[in-house]
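Beneath this line is the structure, given in structure tokens, with notes to follow.
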Amino acid sequence: MANRVDAPTQCVLPIFGTFIFFDWYNTLSTAQFWDSILGNQRHPLAGPLNAALEDLFRGRKEFVGAWMRGLVTDEQVIDTLNLTLPRGYSNDYLLRELLRDCRNAKINPDMADIVRALRDRAFLAVASDNMECFVHAAPRVLTGELRIDELIVSSSVGSSKKESPDRFFGPTLDRYGLTPADAVLIDDCADTCQIFREWGGSAYHFTEPGQLRADIAHLLPELASV
């Protein structure tokens, strides 16, 4: 699987008539950046990094937004954390750990079952408001076990899902010969779901896998066995 957002326009044989877009964070996965450090209380950077990230995500939301739109690099963000690395740590340690944790990110097993069940019934994509690290080090579970067709990330598109569904989702649907009416979004953000519906698609506000199974069966009767 490749992130095809910036690829030349190329049509794909429309094997399926439905394209399902899954949000990543808090829908498919709860993995966070630098989990391997934050989850290890013995790690010398666990406390300082946690405090720095609290300040980043709670206190500098405009800067985080720029990161998510590809206007700020991973390296630039790490520089602003102002963390002093312990002796013996290489200067790129935090970047390497960020990328490693992205690659190793896990998916909720119940959600993995749903994705696998849909694999042969619809085109599937992960559509994430996320940073460039998510493109450079896409979770292995997506490229391997789940065989997602597309990975669409806001840092590559230059827009979040909510800001411009047409810019975010439109090129992918065009390439597959589909329209918003053929698209389904599964996302934990109710506002994003509503905007997607107004764009012409169907959307389900994700809360937990059991409810999602019922929603999918209601939307697509042929998927009732998922």
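Here, each number is a calculation from the coordinates, and none is a lab measurement. Remember, predicted model here, so these are calculated numbers, not experimental data. Here the Cβ is made from the backbone with ideal geometry for all residues, glycine too, and neighbour counts use every protein chain on show.
Structure notes:
- Label-to-label distance, Asp120 versus Ala190, with points set 7 angstrom from Cα along the beta-carbon direction: 3.8 nm.
- What the pair-distance distribution of the chain shows, using all Cα-Cα distances binned every 5 Å from zero, is 1, 6, 14, 18, 19, 16, 11, 7, 5, 2, 1, 0 percent.
- Sorted by Cβ neighbour density within 10 Å, fewest at the top, the residues Ser90, Ser155: Ser90, Ser155
- Between Thr84, Gly39, Leu99, the Cα set farthest toward the positive side of the dipole of region 35-103 (charges on each charged residue's Cβ, about the Cα centre) is that of Gly39.
- Note on Leu85 and Thr207: their simple-model spin labels are 4.5 nm apart, each label 7 Å out from Cα toward Cβ.
- Which of Glu145, Glu163 has the fewest Cβ neighbours within 10 Å, and the rest in rising order: Glu145, Glu163
- When the Cα convex hull of region 35-103 is projected onto planes of every orientation, the mean area is 4.7 nm².
- Listed from fewest to most Cβ neighbours within 10 Å, the set Ile15, Ile152, Ile37 follows the order Ile15, Ile37, Ile152.
- Shown in residue order for region 165-175 are the 3J(HN,Hα) couplings computed by the Karplus curve 6.51 cos²θ - 1.76 cosθ + 1.60 at θ = phi - 60°: x, 5, 6, 6, 9, x, x, 5, 4, 4, 5 Hz (x for Gly and Pro).
- Packing rank of 179-187, 196-204, where each peptide gets the mean count of other beta carbons within 10 Å, highest leading: 179-187, 196-204
- Between helix 93-103 and the chain: long-axis angle, C-alpha atoms, 0 to 90°, nearest 10: 20
- Using C-alpha pairs under 8 Å with a sequence gap of at least 6, the mean separation divided by the residue count of the chain gives a relative contact order of 29 percent.
- Charge dipole (debye, nearest 20) of the chain; +1 at Cβ of Lys and Arg, -1 at Cβ of Asp and Glu: 420
- The antiparallel fraction among DSSP beta bridges confined to the chain stands at about 0%.
- Column: log10 I(q)/I(0), Debye, Cα scatterers of region 32-156, q = 0.09 Å⁻¹: -0.30
- Placing pseudo-labels 7 Å out from each Cα toward the beta carbon at Ala181 and Phe63 gives an inter-label distance of 4.7 nm.
- Pairwise Cα separations in region 88-156 fall into 5 Å bins from 0 onward with the following percentages, short to long: 3, 16, 23, 24, 15, 10, 5, 3, 1, 0, 0.
- In sequence order, calculated HN-Hα J values of region 19-34 (Karplus, 6.51, -1.76, 1.60; Hz; x Gly/Pro): 10, 10, 9, 9, 5, 8, 6, 6, 10, 7, 8, 10, 4, 10, 4, 6
- Using the rule -39500 (n - 2.57) for each DSSP H run of four or more residues, divided by the residues of the chain, the 222 nm mean residue ellipticity is -12000 deg cm²/dmol.
- Taking region 106-172 and dividing mean pair separation by its residue count, relative contact order in percent (alpha carbons under 8 Å, at least six apart): 33
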